[in-house]
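Here's the structure, in structure tokens; my notes come after.
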Amino acid sequence: MVSISQLSACKAPSSPKISLSAALETTCSQDLQISQSVLPEYEVAHSSIRSVLKRLVDIAGALVGLALTTVLAVPIFLAVQIDNPGPLLYSQVRCGHRGKTFRIWKFRSMVRDADKLMHLVNNEAKGLIFKNANDPRITRVGSFLRKTSLDELPQFWNVLMGDMSLVGTRPPTVSEVIQYAPHHWQRLEVKPGITGEWQVYGRSTVKDFEDIVKLDLRYQERWSVLYDLKLIVQTVAVVALRRGAC
């Protein structure tokens, strides 16, 4: 198995003008518009998008979550620096409601420049997702952060800004979305969430993209504010028991 030190010593193919992530971010709007142009228009937004109560719950939850994030940021920062010095935060462009792009934030759980080393890691998932149960880019502290979902705490900022919700669908990357088939686009009819059915009923054990799509569409059908609250409670239990953690 490839170690973190071996990966860190490797160099991604040089690209002096523009990086892959920058290129995707630059062209994603045009690519997404092209993809959406072949799809039927949804005249009425999903009820979760129009719900004032859901938004109020999101704001309240985000404020509480950010307060917790502030408290834990210092010990997490110290642990990250001891284990693998570098930035505390990691960001990536993701796609939200109807393909609108935004920058997602997480506590860094991988080595620096992990995205550039992705081509060296085997994808164990099927379809338009990337998963590896023993990804060597994940640091020791990062493994703990992921198992406890502490790496996702900064996403409460995304919720407060309105790009995400406390509960929703898994937020996809731009590189995934530009490959979507028409039926995949329906999962973007709601905002992405910090948690959702995929988190409660599978977490890292779900390795088939089509299964994630089914869970996301089932969430849309079942949605209500009460159902969101139920999923939040179930998420706490799942994380506490570390069921399905990577």
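Looking for something surrounded by fewer than 22 Cβ atoms within 10 Å (Cβ to Cβ) and at pLDDT below 95 - is there at least one such residue anywhere in segment 157-165? So far as segment 157-165 goes, no, none of its residues is surrounded by fewer than 22 Cβ atoms within 10 Å (Cβ to Cβ) and at pLDDT below 95.
If I filter segment 206-217 for residues that are outside any helix (DSSP H, G or I), modelled with pLDDT under 95, of a type in the set (Val, Ile, Thr) and touching a Pro at 6+ places or on another chain (Cβ under 6 Å), do I get at least one hit? No, segment 206-217 contains no residue that is outside any helix (DSSP H, G or I), modelled with pLDDT under 95, of a type in the set (Val, Ile, Thr) and touching a Pro at 6+ places or on another chain (Cβ under 6 Å). Could you grab me the full set of residues in segment 173-198 that are touching a residue at least 40 places away in the same chain (Cβ under 8 Å) and part of a helix (DSSP H, G or I)? 174, 175, 176, 177, 182, 184, 185, 188, 189 - these are the residues of segment 173-198 that are touching a residue at least 40 places away in the same chain (Cβ under 8 Å) and part of a helix (DSSP H, G or I).
For residue 199, the conditions (1) modelled with pLDDT of 95 or more; (2) buried (at least 22 other Cβ atoms within 10 Å of the Cβ); (3) in contact with a Ser or Thr (Cβ under 8 Å, 6 or more places away or on another chain); (4) of a type outside the set (Lys, Arg) all hold with the exception of (1). Within segment 75-129, the set of residues being in a helix (DSSP H, G or I) and of a type in the set (S, T, N, Q) comprises just one member, 81. Selection of segment 55-76 for residues being in contact (Cβ under 8 Å) with a residue 60 or more places away in the chain, farther than 9 Å from residue 166 by Cα and not hydrophobic (A, V, I, L, M, F, W, C) yields 55, 65, 69.
The values are calculated or read from the model by the stated rules, or taken from the named source; none is laboratory data. Since this is a predicted model, take the numbers as computed values, not measurements. Don't worry about glycine lacking a Cβ; one is built from the backbone with ideal geometry, like all the others, and counts go over all protein chains shown.
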